[in-house]
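Working notes, structure below.
The values are calculated or read from the model by the stated rules, or taken from the named source; none is laboratory data. Since we're looking at a predicted model, the values are computed, not measured. Here the Cβ positions follow ideal geometry from the backbone for every residue, glycine too, while neighbour counts run over all protein chains shown. Heavy atoms of the whole protein, side chains included, go into the accessibility calculation; ligands, DNA and RNA do not. Shrake-Rupley method; radii C 1.70, N 1.55, O 1.52, S 1.80 Å.
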Amino acid sequence: MTDEHLDRMVRDADPHRPDVITHLDAAAQHLLEEIMSTPTLEPAAEPPAVRSRQRRTVLSGLVSASAAAVVLAVVFAVSIMNADSPAGPEASPQVGPTSEATTATSYSAMVLKAAEESPRLLIDQPGWKATTVYGFAEKEGTIAFRNGEVQLAMNWYPAGQYDGYHRDRLHVSEPEPVKVDGWPGDLFRYSASDFAVMLKPRDGSFVELRTGGALTRNEFDRVLADVVRVDARTWLAALPAEIVTPGRVDEQAAKILAGVPLPPGFDAAALGDLGVNDAYQFGAKVTSRVGCGWIAEWLRAKQAGDDAAAKRAVDALRSSHTWKVLHQMNDEGDWPEVFWETADEVAAGKRPAGYREALGCE
């Protein structure tokens, strides 16, 4: 089984979290664009943490696919345009009051650049709801959409990987040419109700859209007809309140770190470079930095013969079993189990093998 096959298998899982988005009027949209017009980091975010109950590892950057599989089930979404609005490549849909527009007054130039380098695809149909986004500011990632029992995941990868993925899909079925908002691609049939569309490379990446749940070909075609590519500010503004975007980092980080002992040199202000993530992924990335910091301090203290500092690090890691954020995440995925397993090895006086890969330490 190749890493790509493994990625596809783990990507089929799904955490199911609802959200609601309503529309602002045209005046509010105009105000939003004025607010966003002055840039104020969206950085290289690590890949996502494990959600699967079937695998207890984390992917590289939080790890490489061969070292640990990341299970993300992705569903992202917003019904973003009025029925009579244009749906061109840079259409500007309206966004609801739970969007980023209500929580931040500006985006940094790096945030906008990262968004511009992402595919920025949304679904212009009512009923689609969002729960997860990851990979923002990276060369690959996922946005996905859910409508009832049906989902559509949009996974993007570096353009250089297109030929390999496309050859693999040729083993699935003969390709059928399609277009998504004018973007040419090939449709592959896994079954009568399971489809994938690979869009041609564009702006350094390509996108694969993959269905989940039963969709007829006609139903899938109707969804594809309403997938639109939007500008960076519209894409950011359309993200629902559950997604941790730049304006929400400080507030969400404070909630996660409440009651969590911080390692020496921990910089909460630097969490702004984690990219845009759903709450689960953000929680994993923040606690990753805490855990990695304490392990680094434990290793330093052991080497220096600083027993007091080593004990502080062990006590901090052992306390992770009481961290509220990890218990909240434990119902949704396996990141807490991975974290606790690693922390317990340190608490037992062992240098945890592969801890950098397990926790995504830099």
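Descriptive notes on the structure:
- Distances between placed amide hydrogens fall under 5 Å for F206 paired with Y157, A159, all partners being 5 or more residues away or on another chain.
- Environment charge of Q303, counting only residues whose C-beta is closer than 14 Å and scoring Lys/Arg +1, Asp/Glu -1: 0
- Order by protection proxy (mean Cβ within 10 Å, highest first), peptides 205-217, 182-194: 205-217, 182-194
- The relative contact order of the range 234-362 comes to 23 percent, based on Cα pairs under 8 Å that sit 6 or more residues apart.
- Point-to-point label distance, E116-K255, nm (Cα→Cβ direction, 7 Å offset): 3.2 nm
- Length added when fully stretched, Q161-A192, from 0.36 nm per residue minus Cα-Cα: 8.5 nm
- Gained length - K139 relative to L299, 0.36 nm times residue gap less alpha-carbon distance: 54.4 nm
- Amide proton proximity set for D231, modelled H, under 5 Å, gap of 5+: A91
- Charged neighbours of F195, selected by a Cβ distance under 9 Å, balance to +2 (K, R count +1; D, E count -1).
- Restricting attention to the range 273-362, the count of lysine pairs at 8 or more positions apart or across chains with alpha carbons under 24 Å apart stands at 6.
- Distance in nm between pseudo-label sites at E362 and H171 (7 Å out along the Cβ direction from Cα): 3.8 nm
- With the simple spin-label model, which puts each label point 7 Å out from Cα in the Cβ direction, the A348 to R318 separation comes to 1.5 nm.
- Using a probe of 1.4 Å, the accessible surface attributed to E140 totals some 70 Å² when neighbouring protein chains are kept in position.
- Fraction of accessible area attributable to carbon and sulfur, the range 109-259 (%, probe 1.4 Å): 51 percent
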